[in-house]
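Worksheet for the structure shown next.
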Amino acid sequence: MKPMVTIFTPTFNRAHLLQNLYDSLCRQTNKNFLWHIVDDGSTDDTGKLVKQWKKENKEFVINYTRQSNGGKQRAHNVGVQMCETELFFCVDSDDSLVDDAVKIIIENWGIAKQENIAGIVALRGKDETITLGTSMPKVSNLTMLELYQKYHFKGDTALIYRTEILKKYPFVLAEGEKFIGENFVYNQIDLNYKMYVLNKIIYICQYFEDGYTRNTVQLLVKNPHSYMILKKQQAEISLYLRYRIKHMAGFIAMGLTIHETNLVKKSGNLGLAILSYPLGLVIWRLRFKKVYENL
């Protein structure tokens with residue numbers, strides 16, 4: 001039987017962490033999934049480790065793809081384009097799933113599946129009982145923008161998307177850069193679809209010193225043009241003026257950091273850019289300037 005869910009894991013030099021995720025997949029009460037690892041040019045024993053797992057594991061399919069180092073989002077594009085299952089679930093190499101995560105996803109997708117529903121948004125937790133942020137609002141369906149801007153959700157989420165929809169919205173990165181915020185894709189999906197709300201922890205999250213989350217500002221400054229693409233997009237589609245100002249200020253701040261000219265004109269919204277400029281100056285001075293100078 002063809003699996004219903006692809007558990008997708010992009011990884012780079014994380015052989016020492018992947019075991020925890022693998023063990024959680026082995027414990028799944030429903031094995032109607034496959035695991036696709038896209039190795040983003042690792043120089044450790046990732047390939048050897050996965051080869052061993054493929055040999056010993058007969059309960060679910062493990063696919064392994066290796067690419068030249070291009071960043072998580074390019075790895076994500078590869079995973080999505082290769083995916084042949086109905087659902088696609090990105091789980092990072094340093095995280096894991098609760099034992100019945102796949103079972104919960106499949107059961108709820110049977111309830112949620114509609115033409116205007118892109119997928120399921122569920123909770124991440126420090127463990128199976130402690131959420132990594134707030135609980136979900138008491139609604140059935142919403143967009144990701146509504147979740148964060150209307151209902152003021154705090155924290156990260158577990159996102160399971162219909163593969164056919166993700167294939168329409170690949171990540172776009174500036175030339176020579178390797179990172180853009182994941183919201184770049186989710187924002188586009190928000191324009192046409194909603195997410196089914198699942199107020200349950202299915203994803204256990206850990207943050208390590210070499211991860212994206214702990215190195216956010218440096219990561220953004222190393223990928224400035226991609227960050228500006230994302231901030232411009234978010235300023236255009238945010239639901240409320242305060243968020244449009246916030247994101248446009250981010251666009252301005254990064255532009256100042258890399259000495260970009262004609263920022264107001266390049267913003268695409270002269271009035272909003274002028275309104276956001278003072279905040280952009282503050283963000284540049286307090287957040288980006290020193291980090292950029294020390295690169």
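The values are calculated or read from the model by the stated rules, or taken from the named source; none is laboratory data. Computed from a prediction, not measured in an experiment: that's the story for all the values here. All Cβ positions, glycine included, derive from the backbone under ideal geometry; neighbour counts span all protein chains shown.
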>> Scan segment 15-24 and tell me whether some residue there is part of a strand (DSSP E or B) and of a type outside the set (Lys, Arg).
In response: no
> Mind checking whether some residue in segment 74-87 is in a strand (DSSP E or B), assigned by TED's automatic domain parsing to the domain that holds Lys168 and closer than 20 Å to Val121 by Cβ?
Replying inline: yes
> Which one of these does Ser135 not meet: (1) more than 16 Å from the chain's Cα centre (by Cα); (2) part of a loop (DSSP other than H, G, I, E, B); (3) under 30 Å from Asn294 (Cβ atoms)?
Replying inline: (3)
> (1) over 19 Å from the mean Cα position of the chain (by Cα); (2) at pLDDT below 95; (3) not basic (Lys, Arg): which one isn't true of Ile245, the others all being true?
Replying inline: (2)
>> Quick check on segment 152-170: of everything there that is out of contact with any Ser or Thr (no Cβ under 9 Å at 6 or more places or on another chain) and in a loop (DSSP other than H, G, I, E, B), which residue is nearest to Gln188 (Cα to Cα)?
In response: Tyr169
> Can you spot a residue in segment 96-109 that is β-branched (Val, Ile, Thr), in a loop (DSSP other than H, G, I, E, B) and buried (at least 18 other Cβ atoms within 10 Å of the Cβ)?
Replying inline: yes
> Out of curiosity, is Ile189 over 26 Å from Gly71 (Cα atoms), aliphatic (A, V, I, L, M), in contact (Cβ under 8 Å) with a residue 60 or more places away in the chain and not in a loop (DSSP other than H, G, I, E, B)?
Replying inline: no
> Pick from Thr134, Thr43: which is of a type in the set (S, T, N, Q), farther than 22 Å from Tyr186 by Cβ and loosely packed, with under 14 Cβ neighbours inside 10 Å?
Replying inline: Thr43
